[in-house]
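So the structure is just underneath, and the comments pick up after that.
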Amino acid sequence: MVRKKALWLHHPWWLALAVGMVLSTTSPVLAAPRDYRVDPVHSYITFRVKHLGISWSFGRFNKFSGKIVYDPKNPASSSVRVVVEAASIDTGNQARDSHLRGKDFFLVEKYPTITFESTKVEEVAGSEGKHLKVTGNLTLRGITKEVSLEVEKLGEAQDPSGAKRVGFFGVLTIRRSDFGMTYMMGGIGNQVELYISLEAASK
């Protein structure tokens, strides 16, 4: 007596299921880039500039926003855009801040925002994804210049709400004269160092 084959062998669905199981174990799916929004409560944009060549003057911007698209498996598909409210400049001195908001410096009435938008993100060789070179366009006082900075990825975590968070830090050095700020060049340094620490959360 010949034993009949199991009925399920006559149906093609089992073969498709088996192939799918093999592919799922041998061909891992790469995660898509994740969108993050900059958290201004846990982010800082500060700066320092020489005064009379003998000391540092420090300041910060209190209001800014931004979006980061980050893909750790493919850094080249990552991007960042940050918008700073120029009038939020804060050096701890009201008279100086008012001067900085005027025509000699940021001219905030005509140019209310400072923007940075990346055009290229590259992984620094040998850094194992911990350092990225970010190139993009910085627009300040209506003038756009291409700038580059090295950014350190500080880490990733999940907050109590379940949102994914990521942190980056970088230092960008610019010349204020490149953006039309030539006031008191002998007393205030031309080079300005920007310290950018961003924490961003996924939607």
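One chain, two ends: Glu128 and Ser98. Fully extended at 0.36 nm per residue, the span grows by 6.4 nm beyond their Cα-Cα distance.
Does the stretch 140-183 classify as rounded, prolate or oblate by the C-alpha gyration tensor (a ≥ b ≥ c root eigenvalues; a/c under 1.5 gives rounded; else a/b over b/c gives prolate, otherwise oblate)? Before the final figure, lay out the partial values.
On the way: a/c = 4.23, a/b = 2.81, b/c = 1.51.
Verdict is prolate for the stretch 140-183.
Read-outs throughout are calculated quantities, based only on the coordinates presented, and are distinct from any laboratory measurement. Fair warning: this is a prediction, and the values are worked out from it, not measured in the lab.
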